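The values are calculated or read from the model by the stated rules, or taken from the named source; none is laboratory data. Keep in mind it's a predicted model, so treat the numbers as computed, not measured. Positions of Cβ are generated from backbone atoms using ideal geometry, with glycine treated the same way; all protein chains shown enter the neighbour counts. These accessible areas exclude ligands, DNA and RNA; they are computed on the full protein's heavy atoms, side chains included. Shrake-Rupley method; radii C 1.70, N 1.55, O 1.52, S 1.80 Å.
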Amino acid sequence: MLTLGNTSGAEQALAEVVRRGGTHEATTNALIELMHCASYRQDRVGFARWRERAEARLGDMPPNIRADFYLKQGIGQARFGQFKRAEALLDQALIEAHTAGLHELEFRIERIQHGLGPCADQLQREPAAATEPAWDSAELREVSASLAQLVASKG
């Protein structure tokens with residue numbers, strides 16, 4: 001849903017996963033994705049809150065989730081203009097992915113790292129535009145409405 005630009009729907013679904021508990025791994029993934037959603041919305045406070053909750057689980061994270069945590073933390077820091085911090089987090093994500101043999105993730109991290117410099121340069125020249133949903137469809141609205149009903153019925 002986040003990829004399609006429906007941040008609100010993504011956050012509702014992920015918050016429901018956290019609320020229900022589920023497996024430790026599923027809940028940890030949801031916390032990381034909520035952190036990612038908050039950075040997407042430029043919500044520094046939400047980003048910090050979700051990062052702290054996910055970071056509390058760092059010792060229990062399997063390597064793939066730990067690498068994803070550092071990756072999404074790095075992306076978030078870059079979105080907030082903290083490029084040195086982002087670079088360090090992406091380096092840590094790359095180390096985690098390499099150590100675990102997660103080659104596809106390594107390539108993704110490297111691609112993002114190579115875009116940090118040009119991104120920083122671009123942000124210095126012009127401020128970031130507001131993010132608009134990339135996609136809207138009847139199906140996406142239906143899923144969003146169903147999530148809203150689920151949350152309302154549980155609340």
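Annotations for the structure displayed:
- Reducing the stretch 94-113 and the stretch 1-25 to their Cα centroids gives an inter-centroid distance of 24 Å.
- Using a Förster distance of 30 Å, the FRET efficiency for Glu104-Ala15 (Cβ separation, nearest 0.05): 0.60
- In the assembled protein chains, His103 presents an accessible area of approximately 100 Å² (probe radius 1.4 Å).
- Integer Hz, Karplus 6.51/-1.76/1.60 couplings in order for the stretch 99-105, x for Gly and Pro: 4, 8, x, 8, 5, 4, 5
- The stretch 35-43 - phi-based ³J(HN,Hα) in whole Hz, Karplus 6.51/-1.76/1.60, Gly and Pro as x: 4, 5, 4, 4, 5, 4, 7, 6, 9
- With DNA, RNA and ligands ignored, accessible area of Leu94 (1.4 Å probe; Å², nearest 10): 40
- Converting phi to 3J(HN,Hα) with the Karplus coefficients 6.51, -1.76 and 1.60 and the offset θ = phi - 60°, the stretch 17-24 yields 4, 5, 4, 6, x, x, 6, 4 Hz in sequence order, with x at every glycine or proline.
- Accessible surface of the stretch 4-111, 1.4 Å probe, proportion on carbon and sulfur as whole %: 51
- The candidates Asp91, Asp68, arranged from most to least accessible area with a 1.4 Å probe in the full protein assembly, appear as Asp91, Asp68.
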